[in-house]
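Q: Handing you a structure now.
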Amino acid sequence: MAKTLIGLDIGATAVRAVEIDHTGPVPSLLRLGQVRLPAGVCAEGKILDIQIVSDAVRQLWEQQAFSSSRAAVGVASQQVVTRALNLPEMPLDQIKANLALHARESLPMAPEDTYMDYQYLGTTATEQGVAMNGLLVAVARDYVDQLTDVIEFAGLIPAAVDLDGFALTRAYANGLAQLDFDIMANQTVPYDATGSAPPRTPGHVLVHVGATLTLVVVVSGGLPRFVRTIMMGGQTITDALADTGSLNPEQAERLKMEQVDPNGQFGRIIQNHLLAFSDEIQNSINFYRTSGNAVELADIVLSGGGALMIGLGDTLARQINLNVMYGSTLNLLDTSHVLADQATLSAADPFLPLAVGLTSAPVN
Ligand SMILES: Nc1ncnc2c1ncn2[C@@H]1O[C@H](COP(=O)(O)OP(=O)(O)OP(=O)(O)O)[C@@H](O)[C@H]1O
Ligand SMILES: [Mg+2]
């Protein structure tokens, strides 16, 4: 039996972890918890104070008594580069062994300074023969080393480091499979009308909005096809409100969680930021659509604390021609064994997908 991995999401506002038993037919949530972080110790996916973050992680393990000290963490920052890498057909281990060679042309940094991986996505027939499609993922070594330091200083074992986009995809895997099944059964998305080609699995745009960054992942057939990080999140709006000079950061944070008059000074600031945010998501979608092999997109699935911003879902639905829904990863888990009431679980749900997905991270 695989040894238990605790999914640990290190965010700008808190460290969060969940323990899930993956041995049954439905994964079972056993423990979940978070310890809040003071402002400025972690931002945009970068850890700025290793000691404070590490202490918070140690505290989290003390609080929750997780059954394992093996933590899986995610990375999502400017240091992560993902590129489509299509190659002639060859064994996967051969690709991985020669990744530096394949990567040299597509990476903005020296392959030696990175940890790299290749996510195989499938094959397509081309005029030159069969091509293997995949994603090259490269992360700066310094950055990963810092993450593992945080975990080791907390007395834990860094058992897996995975891309947040992949963790997010895994967190929703069962739910998306069901959604795909429903969509294809109902044919609500116009696939090939002649019926001569099998319907292509629809794509979903997962948008996980944090405080300082937003993760955009296009998933189709259960696999991530495109991953992008946008340097915007809930904190961007709080900062903009506080920058008016008439609110301190705490007041700004409280105000944005209320219904704000859309025609007042603060309401207009919020509207402008929601529109700018929506433009960024649209740009990512456009970029994906022009990248070749793009599949039909069915919807946007929102998560993350920043996605709770009043008006965000409506703005996206208005500006982008896709259905918008709020995702739930806890709905996909058996929660009958966890010591938490339904209200606590529902309130935690939007914040948990990364930690949930990390519990099934591949261990190298
Ligand atoms: N009810 C709410 N309404 C509006 N915004 C909210 C609400 N609850 C939380 N937020 C915002 O969500 C953000 C925190 O979300 P989350 O915890 O997912 O981020 P994080 O993981 O700590 O940060 P990051 O992903 O940037 O590292 C904050 O900016 C907070 O203001
Ligand atoms: Mg986050």
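The values are calculated or read from the model by the stated rules, or taken from the named source; none is laboratory data. Values in this document were obtained by computation on a predicted structure and should not be read as measured data. For neighbour counting, all protein chains shown are included, and Cβ atoms are generated from backbone atoms with ideal geometry for every residue, glycine included. Ligands, DNA and RNA are excluded from the accessible area calculation, which covers all protein heavy atoms including side chains. Shrake-Rupley method; radii C 1.70, N 1.55, O 1.52, S 1.80 Å.
Q: Quick one: which residue in Val41, Val15, Val80 is more than 24 Å from Ala347 (Cβ to Cβ), touching a strand residue (DSSP E or B) at 6+ places or on another chain (Cβ under 9 Å) and among the hydrophobic types (A, V, I, L, M, F, W, C)?
A: Exactly one residue qualifies, and that residue is Val80.
Q: Look through Ser278, Ser284, Ser303 and report the one residue that is among the hydroxyl-bearing types (Ser, Thr, Tyr), away from ligand 2 (no atom under 16 Å from the Cβ), more than 28 Å from Asn86 (Cα to Cα) and open to solvent by less than 20 Å² (accessible area, probe 1.4 Å).
A: None of the other options fit; the residue is Ser278.
Q: What is the residue count in the range 152-165 for residues that are open to solvent by less than 20 Å² (accessible area, probe 1.4 Å) and closer than 12 Å to Gly74 by Cβ?
A: Qualifying residue count, the range 152-165: 5.
Q: Do the conditions hold for Ile310, that is, is it over 27 Å from Asp182 (Cα atoms), β-branched (Val, Ile, Thr) and not in a strand (DSSP E or B)?
A: Judged against the criteria, Ile310 is a match.
Q: Given the residues Ser346, Ser336, which is the only one that is surrounded by fewer than 20 Cβ atoms within 10 Å (Cβ to Cβ), part of a helix (DSSP H, G or I) and modelled with pLDDT of 95 or more?
A: Among Ser346, Ser336, only Ser346 is surrounded by fewer than 20 Cβ atoms within 10 Å (Cβ to Cβ), part of a helix (DSSP H, G or I) and modelled with pLDDT of 95 or more.
Q: Among the residues in the range 308-320, are any aliphatic (A, V, I, L, M) and within 27 Å of Thr123 (Cβ to Cβ)?
A: Taking every residue of the range 308-320 in turn, none turns out to be aliphatic (A, V, I, L, M) and within 27 Å of Thr123 (Cβ to Cβ).
Q: Given the criteria assigned to a loop (DSSP other than H, G, I, E, B) and either more than 16 Å from ligand 1 (Cβ to nearest atom) or surrounded by fewer than 16 Cβ atoms within 10 Å (Cβ to Cβ) (or both), does Asn331 qualify?
A: The answer is no for Asn331.
Q: Read through the list (1) part of a loop (DSSP other than H, G, I, E, B); (2) of a type outside the set (Lys, Arg); (3) farther than 29 Å from Leu8 by Cα, then give the number of the only condition that Val130 fails.
A: (1)
Q: Still on this structure, I have one more. Does any residue of the range 307-322 turn out to be within 20 Å of the chain's Cα centre (by Cα), surrounded by fewer than 18 Cβ atoms within 10 Å (Cβ to Cβ) and closer than 23 Å to Leu163 by Cα?
A: Looking for residues that are within 20 Å of the chain's Cα centre (by Cα), surrounded by fewer than 18 Cβ atoms within 10 Å (Cβ to Cβ) and closer than 23 Å to Leu163 by Cα, one finds none in the range 307-322, hence no.
Q: Sort through Ala17, Ala110, Ala12 and tell me the only one that's touching a Lys or Arg at 6+ places or on another chain (Cβ under 9 Å) and touching a residue at least 40 places away in the same chain (Cβ under 8 Å).
A: Going through Ala17, Ala110, Ala12 in turn, just one is touching a Lys or Arg at 6+ places or on another chain (Cβ under 9 Å) and touching a residue at least 40 places away in the same chain (Cβ under 8 Å): Ala17.
Q: Within the range 22-59, work out how many residues are open to solvent by less than 60 Å² (accessible area, probe 1.4 Å) and more than 20 Å from Thr214 (Cα to Cα).
A: Number of matching residues: 14.
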